[in-house]
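In what follows, a single structure is set out as C-alpha cells and then discussed.
Values in this text are rule-based calculations from the coordinates and carry no lab data. The structure displayed is predicted, hence computed values, not measured ones. For neighbour counting, all protein chains shown are included, and Cβ atoms are generated from backbone atoms with ideal geometry for every residue, glycine included.
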C-alpha cells in the first residue's frame, strides 16, 4: 500500500480572517487532497511532514526556519502572496532568509518574477490562481437603475479604500452605487471612510462578510473596483473575470500581471479623479462595458481550476 505524502500548508491567516492567503491555502489543499494527506495551520509546530508549503515570506518565516532546522533535507515551497513581494523585498531580513531556505518559490502572476532577487529567480515559477465561476452564475445585474460597483477587501491602507471613497464622492450626483465589503482592520482609516460615507449616500460600507455572502454580492454587481496599492494576484479579480464581471483596477503589477497589459479597465494607482472618470464612462457607455466583457472572455480559461490543480500537483510531484 502506497502511503500518501504528508503536506503542510502554513498560512498567516485563519479561516476566520477570510482573506486571500486563506483562500489560496484552502484551495491548494483541495487540489492536493486526492493525492496527499494535507493539513493547514498558521505556524508549523513539529508535525511530521514530507513537504512544507509556506504562504508569505516574512509572516511564515518562523515556520520555514523551524522546519529547515528540524529537516535539513525536507522540501520547502514558498508562495509569495503580495506584501512580501512588493513591500518586504528587497530589504526585509526575514523575507530574504525565507527565499534562501526555500527549495521552490511560487508567484501568482507573471510580473512578479521581475521583483524577485536575481539569486531566487531560478527557483521560481508562476502558478495562476483559479475559480470555478462562469458567467452563468451571475445574478440579475444591469437591470436598469443605478450602476452598481462593488469593492471587496479588508479596510487597510494597502488596499487603498480612500481612493474609491473619494471617487464615489465625485460621483454622488450620478446614478451610481458603490458598496465596499471588508472588515475594519485599520480603525483610523475606517473612521475616515465613515466620514466620507456620510457625505455620499451612494457609497456604503458593508463590513466584513463570509466568503459565500461576499461572492453573492459580487455576482449581483455590474462591475468590480479594485484600487489596491499592491497585490500578489487577487482572488477577487479572478472571481470577477470568471463570472464575466468587468474589473476597474489600479495599474499595479499584481493587477496587470493577471489581466494583461492591453486590458482597458485600468486607472493610475491612488488617482480618484481618474477612477471616477472610468466609473462614469462604464456607467454611461455600453460599448465600453461590452469591450471589457469581451476582454474577460479571452482571459477566463487561464483561471480554470483544472489548470491550477495540475500545476500545484506537478509542483509537489504528485
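Round to the nearest 10 and give me the degree value, 0 to 90, for the angle of helix 286-299's Cα axis relative to the longest principal axis of the chain. Taking Cα atoms only, the helix is inclined about 10 degrees. Exposure proxy ranking for 159, 172, 123, 59, based on other Cβ atoms within 10 angstrom of each Cβ and starting from the fewest, stands as 172, 123, 59, 159.
Computing Rg and the Kirkwood Rh from the Cα coordinates of the range 40-94 gives a ratio, Rg/Rh, of 0.97.
Based on DSSP H runs of at least 4 residues, each adding -39500 (n - 2.57), what is the mean residue ellipticity at 222 nm of the chain after dividing by all its residues, to the nearest 500 deg cm²/dmol?
Values: 12 runs with 122 residues, N = 318.
Counting only the DSSP helices, I get -11500 deg cm²/dmol.
Relative to the dominant Cα principal axis of the chain, helix 161-170 is inclined by about 10°. Among 160, 262, 271, sorting on how many other beta-carbon atoms sit within 10 Å of each Cβ, with the fewest leading, yields 262, 271, 160. To the nearest ten degrees, helix 20-32 and the longest principal axis of the Cα atoms of the chain are 50 degrees apart.
Counting only the Cα atoms, the chain fills a convex hull of 130 Å³ per residue.
Just to be sure I understand: if I project the alpha-carbon convex hull of the range 135-302 onto a plane and average over all orientations, what area do I get in nm²? All intermediate terms of the calculation are to be shown ahead of the outcome.
Working: hull surface 34.8 nm².
Mean shadow area of the hull around the Cα atoms is 8.7 nm².
If the segment from residue 188 to residue 92 were pulled out straight at 0.36 nm per residue, it would be longer than the present Cα-Cα gap by 31.9 nm.
Taking each residue as 0.36 nm, the span from residue 73 to residue 126 lengthens on full extension beyond its C-alpha to C-alpha distance by 16.7 nm. For the listed peptides 282-290, 102-110, a ranking on the average number of other beta carbons within 10 Å per residue, highest first, reads 102-110, 282-290.
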